[in-house]
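Report on one structure; see the data block that follows.
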Amino acid sequence: MSDILFSALKLTGGPILRWLKRFFIEVRVGIAVRRKLRRAGCTVNSKQLREVMYAAGFRDRLVKQPRADDELDLALSAVIVPSTPQSIALLRQTLTKAFRAGLEGSTQSAEFREDRADARHDEAMSTFAAADESAWEARLNAMPPLRSEVLRDLRIEWPMVTRLIADLATAPDRTEHLRRLAAYPPKYLEGAPASVFGLLADMAAELSAPDDLRTSVRLIEVGLERGLQPAGYWMLRLSGAQGITDLAEADQFLRDVRDYPLVKGALRDGGIEGAIENLEQWNAPSKLEDLQRRVMLADLYLGSKRIDDGVTLSRETADLYDSTSAAMAAVRALIARQMIQPSAVHAADLSTALQMVMEARAKRRRWGLESGTALALEIRVRRALTDQQGVLDLVNGTGELPATSEEFQHPDVVAEAALFHAEFGDIDVAKRLLSTAPAAKREHISAVIAESEGRHDDAITHWHAAVEQTEDWGEKADLSLQLAFQGVRAEFVHQLGSENAETAQELSMIAALYGHEPGALEAFRGFANANYRGTLFLYMYYKKVGDDDTAAAVARDGAARWGDPDLWVASAKSRIPGGQIPEAIADLQSALSSATEAWGGRAGAYRLLVEAYSANGDWQGALTAAGRLLADRPGSTGAAWAVVICQVKTHDLPGALRTWREQGTPEPHTHNEVAAWIELVTEYGPEVGTAQDALRISARFPTEEDVQGALLGAFFFGPRSDLDDSEDEPDEETPDPDRDAFREMLQNYVDQFPEGGIRQVAIDMENPLQSMQDFIGDRPRNVGLEEQISTGGAPLGLAGLMYGKGYLETLLARDYGPVFSASRDTEAERTAIEHAHAVGAVLDLSALVTIARLPEQIRPQLIGHFANARVLREQHADAVNGARLKRRESGMTYRPGINGELGTVEQIDEEAVAAQSTLADQVEASFEQFATDSHPAITAFDPLAERDFNQTFLLGADHAVGADLSLWVDDFALKELVRQQGGHAFGTPELMVRLRTEGFIDEALVDLAEAHLIAAGYVGIRFRRPVWDLAAGLAGSPFGLANAIRNAGADDVPDRAHFAIEMINTHVGDPSELAMFVHAMAQWLINIAADEPTAARNLQVLTVDIMHRPWISSSTLPYCLNAFRATTGKADAVPMLLRGIFRYYEILAARTSHEEAALVVFDLVSRLDPPDAHRVRAAILSGEFE
């Protein structure tokens, strides 16, 4: 309707038409704005918005930058709901864009843009108020130096140039502004020198729209009409802007300026050599002309195969004029030299080229020039450097300087991106880009696509066409090489032979080799021995034909001969699968040390180093390599995860969390990344991830039980929230996405893996223990092994293996011993300590637990005593996990039954649980104070190595034997195992004796430390009464002291016996403790006896002593008898005590009478078990004990 009305009113014209146009424009704008703001969640009042738009001065206020207390913002605040600074800014921005769009192409459009430009210009100028010169200089500094120099000279002749540059600087759309200047020059340009239009033409040609040179053409034409000089220079520029590339057509177009030296050079007067001579002799009168002369001359040098001269001249020009055009010419020359004339002297060409093109691109962007050409050239250089990640970053718009949309749309960038995708198998993407790539590149792209799709004949056809299509000899050589890889000689090779016979011969030999011509392989081997590129191509040939072993040999020999990083990497890759990890690491380090700074394979080498070090168990080395990878590839998610994984493996969880956060909290995708993420979640809980995150991650691994189970475990065993300790029942009615996600993940696991490690179990709440017993079954039991472990005859770690516990968990489970640490062979221990001083020591986890139990004052002196003390990463991992489980422990433990009996639930008091958790944390933290080795598998204990019995508790002992280090261990059985293998081992108690004797540690401190160990049940510590009395005072529980007595040695027997009797007397008040110490002493007396008669005599002495103690009564005697009954070994202790009771009767009867004595003893045994009491009564009645 509005269009019909406008058509009718065109005849009338005047104010009515202008008003109606504006009315309908603002209605359209209002509708568009309301729609867009509605999508953003805002509501706009149409009527109020129209009132604001119709208000006087609306457009003037809209084009100005908003300030504090802005009138327009105040008016708009009443239009929009919600009315926030952000919504008002969005409304203002939307109005500006919509208003301009609605006026596109109209007079008002031009007026609006002019008004806005003037307003911005006036505003900018007012900012500089008294510093107008600063504004001018700031704008000149944002331009290429040569252009700035021209403008300074021009200002002397025409001061209005400051207004021109200001208008350009403040124009909202510089391209549109230049178009308007070309089409409708403003009045102030009427008196401008013609050179101004040449300057504007340069600016238009270098904007980020390379496909639209019409503005530049028009500006040159206007300038030439006004007498722009030199005419030859600008006519040559005009022919280029109009896209004239045919020499005949250019000759006709430039006929009026045929004598101008640059025109002669462009038209190749006298052939290439004649053009070169002409330009070399010409002394250009201006810097602009000299710059053009130099760039043209450098290109001619390349065309005449004078590549070194082209490199030298273009680099010299880039430095002289700070010209990015010259810099890019230098880059092209360096690439050509690397392709056609490679040599050791020019090994850094590509690195130099990359540095130059990156600087050129950054400058062109800073100066507002077209930079797509520079980006395409950078991609080409990185491809030549085999920097695949660098190319990927560029084509994906990431990296140090992400590409702009204008750069992405440049035809050259499209072509390079298409080539990259084609080469790496993204055929669909490459095909989509092919249609928009420049015609000159399509054959090249098509050839790569055909190769990727296995269309061999089509690929050859396209390669031939690509060679013919380009005029660049460097590109021709590169494309001919691709043909040679197909076993085909390009026609260009014959042409090249007259200019560069060496390169032509190389291409011919490659074509013969890949074409499997008779004798070609033998001939090429000799060539490869004397030529680096030959070595590389021979390696590639063997890889192509599937002879990997020979390819690896060529890579190794070539890497050593030529010091080439790519060959070193190829050699390393061949070694890793065969387990030659140290050799692979050496190869990779050689690659990195021999590479130039810009070598594209650096990141790949670091990745392989991470892989090699980790395969070797050296996670610290892997972490160093991963850190360098991240430094080389900042922002790379893969590199970030590599660092996080290595930090997790080295148990630096705080560092891993910090890295993960600093790198943007990336989500895991690979198995290793997920495993590291799980470790972080398990340790830090919601700080890292929730059940919703885990559910999303688990969906990527639907059939992998280990991943699914580990994700669930992270939330079973992760840190508790405050709600976990709440007595309130969870509100099932309240939505909880995390709870629902966890339940869904658990249900998915149970459904997918019904026989998995996590199962649903139906519990009979009336008899829950029976339900558990039915599901779990009997606890496996090996009585003989249990006996050996309990007496120190077998390593304690075997108990963990039997019951599914980690090494630290098992060590902490014997809270009060017995800990069989000390050795009877003190000479062997002293020798081991000497060996540790000379060579070094490996600390077993048991020794770290011991150190953590000692007083804080002595720990640093023990930890730092040896110059070369080491721990194992594998035992550190066990400690991390054990400490985590201890932090989660509730104190309640279910123990399966034995031989059909019901299992039991045991409860440990909270203080004991907290104490164990604290001790576990101390043990875990102590690993950081030692150097770390990795020893993941048994190698020195041959029978175990053959069975792959790689248990954590044995790894320290095996490593000590294999590396000829002393083992610092507090497990007697492990010491003996090491010594049987010819190794050295010592324990903490003997070390403290040594340090006390030699005066390294204060005697009182050693006494205190020994007392702590005795109280904790450590066995075999020498007997000194003051120390044992101190231990009795320190013991929070009598269990440790009782274990120390029970398992003591045969030294100082009288003194030990007196101490044990005193402990019995001290604990009479608690029957269970009384029984404990009686049993401890009785068992000790049996243990130290050489034979059964001696054991019987020892028990007889104890029995007599007990029966004469004032505390013996009918209440205490049953506990003593039960203590005797619990003994094992050489003598049957119960009859000994019963006989002792009868002897007590006989002695008492001798002093009094049989009747009185019988009454006393009958009362004494009245609470014994009936069979025991009956034996005593029968003996009294018969007068003889049987």
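In order along the range 1180-1186, the Karplus-derived 3J(HN,Hα) couplings, from 6.51 cos²θ - 1.76 cosθ + 1.60 at θ = phi - 60°, round to 5, 5, 8, x, 8, 8, 10 Hz, and Gly and Pro are given as x. Distance between the modelled labels on ARG255 and ALA813, one decimal in nanometres: 10.4 nm (7 Å Cα→Cβ projection).
Highest mean packing comes first when the peptides 295-303, 994-1002 are listed by Cβ atoms within 10 Å, giving 295-303, 994-1002. The lysines within cross-link reach of LYS36, meaning a Cα-to-Cα straight distance under 26 Å and a gap of 8 or more places when in the same chain, are LYS21, LYS47, LYS64, LYS97.
Distance distribution P(r), the range 833-961, all Cα-Cα pairs, bin width 10 angstrom from 0: 12, 32, 30, 20, 6, 0 percent.
Counting only DSSP beta bridges whose two residues both lie in the chain, roughly 30 percent are antiparallel. Projecting label points 7 angstrom from Cα along Cα→Cβ for ASP964 and ARG1167 puts them 6.5 nm apart.
A simple spin-label model places pseudo-atoms 7 Å from Cα toward Cβ; at ASP1070 and SER1115 they are separated by 1.7 nm.
Computed extension length for ASP1052-VAL750: 102.6 nm, one decimal, from 0.36 nm per residue of separation with the Cα-Cα distance subtracted. For the range 1002-1055 versus the range 840-881, the spacing of their alpha-carbon centroids is 22 Å. Our summary gives the range 370-438 a relative contact order of 31 percent, counting only alpha carbon pairs under 8 angstrom and 6 or more residues apart. Computed from the C-beta positions of GLN760 and GLN951, the FRET efficiency with R₀ = 25 Å rounds to 0.20. Which angle from 0 to 90°, rounded to the nearest 10, does the C-alpha axis of helix 145-157 make with the longest principal axis of the chain? The answer is roughly 40 degrees.
Estimated from the Cβ-Cβ distance and a Förster radius of 60 angstrom, the FRET efficiency linking ARG1022 and ASN529 is about 0.25. For the modelled label position 7 Å from the Cα of THR461 along Cα-to-Cβ, which residues of the range 426-446 have backbone nitrogen atoms closer than 17 Å? Output list for this probe position: 442-446.
Cross-link list LYS431/LYS544; LYS305/LYS363; LYS441/LYS573; LYS305/LYS543: which exceed 28 angstrom alpha carbon to alpha carbon? Write down the numbers at each step before the final one.
Values: LYS431/LYS544 25 Å; LYS305/LYS363 30 Å; LYS441/LYS573 34 Å; LYS305/LYS543 33 Å.
Listed pairs above 28 Å: LYS305/LYS363; LYS441/LYS573; LYS305/LYS543.
Taking each residue as 0.36 nm, the span from ALA931 to SER1182 lengthens on full extension beyond its C-alpha to C-alpha distance by 83.0 nm. Taking θ as phi - 60° and the Karplus parameters 6.51, -1.76 and 1.60, the scalar couplings of the range 736-749 work out to 9, x, 5, 4, 5, 5, 5, 5, 5, 5, 5, 5, 4, 5 Hz in sequence order, x denoting glycine and proline. The alpha carbon centroids of the range 153-215 and the range 290-325 are separated by 29 Å.
Computed with the Debye formula from one identical point scatterer per Cα of the range 1050-1182, without solvent, the log10 of I(q)/I(0) at q = 0.17, 0.18, 0.21 Å⁻¹ comes to -0.88, -0.97, -1.26.
Packing here is the average count of other Cβ atoms within 10 Å per residue, and on that basis the peptides 182-193, 682-693, highest first, run 682-693, 182-193. With a cut-off of 20 Å, note down the residues of the range 562-587 whose backbone N falls inside the zone around a label point 7 Å from the Cα of THR624 toward its beta carbon. Of the residues in the range 562-587, 569, 572-573, 576, 580-587 have backbone N under 20 Å from the label point off THR624. Highest average first, the peptides 174-181, 957-964 ordered by how many other beta carbon atoms sit within 10 Å of their residues are 957-964, 174-181. For GLU280 and ASP547, the FRET efficiency from 1/(1 + (r/R0)^6), where r spans their Cβ atoms and R0 equals 35 Å, is about 0.10. Among the lysines, select those whose C-alpha is under 24 Å from the C-alpha of LYS805, and discard any that sit fewer than 8 residues away in the same chain. Output for LYS805: LYS649, LYS886, LYS975.
Every Cα-Cα pair of the range 770-882 was included, and the share exceeding 25 Å stands at 36 percent. Test of understanding: what is the full-extension gain from ILE908 to HIS1174, defined as 0.36 nm times their sequence separation minus their Cα-Cα distance? Full extension from ILE908 to HIS1174 adds 91.9 nm. Cα-based radius of gyration for the range 495-543, normalised by 2.2 N^0.38 Å, reads 1.10. Working from Cα pairs under 8 Å separated by at least six residues, relative contact order for the range 531-589 is 25 percent.
Based on Cα contacts under 8 Å between residues 6+ apart, the chain shows a relative contact order of 4 percent. Largest first and in whole Å, the equivalent-ellipsoid semi-axes of the range 584-635 read 17, 13, 7, each the square root of five times a Cα gyration tensor eigenvalue. Put one equal scatterer on each alpha carbon of the chain, apply the Debye formula with no solvent term, and list log10 I(q)/I(0) at q = 0.06, 0.07 1/Å to two decimals. Reported log10 I(q)/I(0), two decimals: -0.78, -0.93. Projected onto its three principal axes, the C-alpha set of the range 310-457 covers 48, 37, 27 Å, listed from the longest axis down.
Around ALA937, what is the net charge, scoring Lys/Arg as +1 and Asp/Glu as -1 over all other residues with Cβ under 10 Å from its Cβ? Around ALA937, the charge tally is -3.
Where a number appears in this text, it was derived from the coordinates with a stated rule and is not lab data. Note that this is a predicted model, so its numbers are computed, not measured. Virtual Cβ from ideal backbone geometry, glycine too; neighbours counted across all protein chains shown.
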